[in-house]
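Everything below concerns the one structure shown next.
The values are calculated or read from the model by the stated rules, or taken from the named source; none is laboratory data. As the structure is a computational prediction, the values presented were derived from the model and not from experiment. Because the Cβ atoms are built from the backbone with ideal geometry, glycine has one as well, and the counts that use them run over all protein chains shown. The protein model used for the area step is the full one, side chains on, heavy atoms only, and it has no ligands, DNA or RNA in it. Shrake-Rupley method; radii C 1.70, N 1.55, O 1.52, S 1.80 Å.
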Amino acid sequence: MVGFTILIGASLSFLGGYFLSGRSLIPIKKSVERQQEFLADASHELRTPIAVIQTNLEVVKASTDESVESQLTWINNAYDEIQWMQHIVEDLMFLARADSGDMVVQQEPVDLTYAIKVVCEKMAPIAGKKGIALINKLEDDLIITGDEKQITQLLVILLDNAIKYSGENTIIRIIGKQTLQGVAVEVIDQGIGIPKDEISKVTQRFYRVDKARSRTEGGTGLGLSIANWIVDEHHAGMIIESEEKKGTRIILNFDKGVEKK
Ligand code: ADP
């Protein structure tokens, strides 16, 4: 307890040592700075929807016209913001649990062929609204070891992004195949792509190439950092290849039968 008090009271520049995050060692000072930055970003992100909700409800409160129709626009605006906030809070809670080491990662056989089919069926109506076709090319019995719920979440994030950042009437291909090492899944879109110098940054928390576009598409800027965490916990790899105005290809590589240590 004494040591802890001294640490808090000391200038951060005196903090030495390392903190274990995921599979990498991060200097404590850097880790504290990251947490502070994360908190600041999270508060900033939540402040905007709260202000929008407040403004919309103030209009309703001040209105002398009591007909429901006249107030519906403002209430709908507030509702949209609440839904977006709910999304961001869920993502933040996931990352907070991941950071604290509280997240349980199940080790069970996961049928990726089946999981991809289920996710595609779920996402097809959303893609359909933009005239986007989801095309699967899947080998049978692609089995990996891991957490089915998290693997599903990972696939949803990648497909959701592919849909969000693609234009109308394009095609998204999802390929699943055996490789020498295990199983590879590719999600290939014909969307707006990511500028070359930003590809390495998109897995950072709250990093968005085009903040306004992400926001109008319902993005939180946390999807790929969650995806990255899940990939890491499954001892898998994620490669992002992209070309602006041409599209993006994300490759997941799962090692066969690798158990979490
Ligand atoms: P968001 O909720 O904004 O989509 P993500 O963490 O999932 O957040 O992605 C971070 C950023 O990476 C996005 O805002 C977008 O700029 C870029 N991005 C992710 N996937 C794609 C993609 N398939 N095509 C183009 N840009 C993408």
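What pairs come out if I take residues in segment 36-54 that are under 14 Å from F206 (Cα atoms) and outside any helix (DSSP H, G or I) and pair them with residues that are among the basic types (K, R) and open to solvent by less than 50 Å² (accessible area, probe 1.4 Å) whose C-beta lies under 8 Å away, six or more apart or interchain?
Within 8 Å, no pair qualifies.
Can you confirm whether E81 is more than 17 Å from the chain's Cα centre (by Cα) and modelled with pLDDT of 95 or more?
So E81 fails the test.
Limited to segment 116-143, what total is found for residues that are on the phi > 0 side of the Ramachandran plot and assigned to a helix (DSSP H, G or I)?
Qualifying residue count, segment 116-143: 0.
Quick one: which of I151, I143, I157, I163 is of a type outside the set (S, T, Y) and over 22 Å from the mean Cα position of the chain (by Cα)?
I143
Which residue, of A51, A10, is at pLDDT below 90 and either touching a His at 6+ places or on another chain (Cβ under 7 Å) or open to solvent by less than 70 Å² (accessible area, probe 1.4 Å) (or both)?
Of A51, A10, the one residue that is at pLDDT below 90 and either touching a His at 6+ places or on another chain (Cβ under 7 Å) or open to solvent by less than 70 Å² (accessible area, probe 1.4 Å) (or both) is A10.
On the basis of being among the acidic types (D, E), within 21 Å of K129 (Cα to Cα) and open to solvent by less than 60 Å² (accessible area, probe 1.4 Å), does D189 make the cut?
So D189 passes the test.
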